[in-house]
1. In degrees from 0 to 90, rounded to the nearest 10, what is the angle of the helix 2-80 Cα long axis to the longest principal axis of the chain?
2. For the chain, what number of Lys pairs, 8 or more residues apart or on separate chains, have alpha-carbon atoms under 29 Å from each other?
3. Let me know the whole percent of all Cα-Cα pairs from the chain that are separated by more than 14 Å.
4. At what distance in nm do the modelled label points of I47 and E9 sit from each other, each positioned 7 Å from its Cα along Cα→Cβ?
Amino acid sequence: MASIKKSFEGLKSSTQSAAKGVTDTAVQASQDAVHQVAEASKETTNIAAEEASRQTQSAINTAAGKASDTIKEFGQKMGTK
């Protein structure tokens, strides 16, 4: 009887160790997945910010060009009067 009890205790210990190993592996895999999603999100945010910056700079350059043209036209009109 003691031998059977000892066998069951050994099996219980092995099962607990295996379950802990599976749980630890699952937790690590989940943490890795969360980290990858966070990195991808950060990269996407950086790309979007860079594009927004390019578009803003383009809009500023266009507005500055138009303002410069308007000032030149105004100067030419003033020069002819």
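Bear in mind that the values in this text are calculations on the coordinates, not laboratory data. As the structure is a computational prediction, the values presented were derived from the model and not from experiment. Positions of Cβ are backbone-derived with ideal geometry, glycine not excepted, and every protein chain shown enters the neighbour counts.
1. That works out to roughly 0 degrees.
2. Summing the qualifying lysine pairs gives 6.
3. Cα-Cα pairs of the chain separated by over 14 Å account for 81 percent.
4. It is 5.9 nm.
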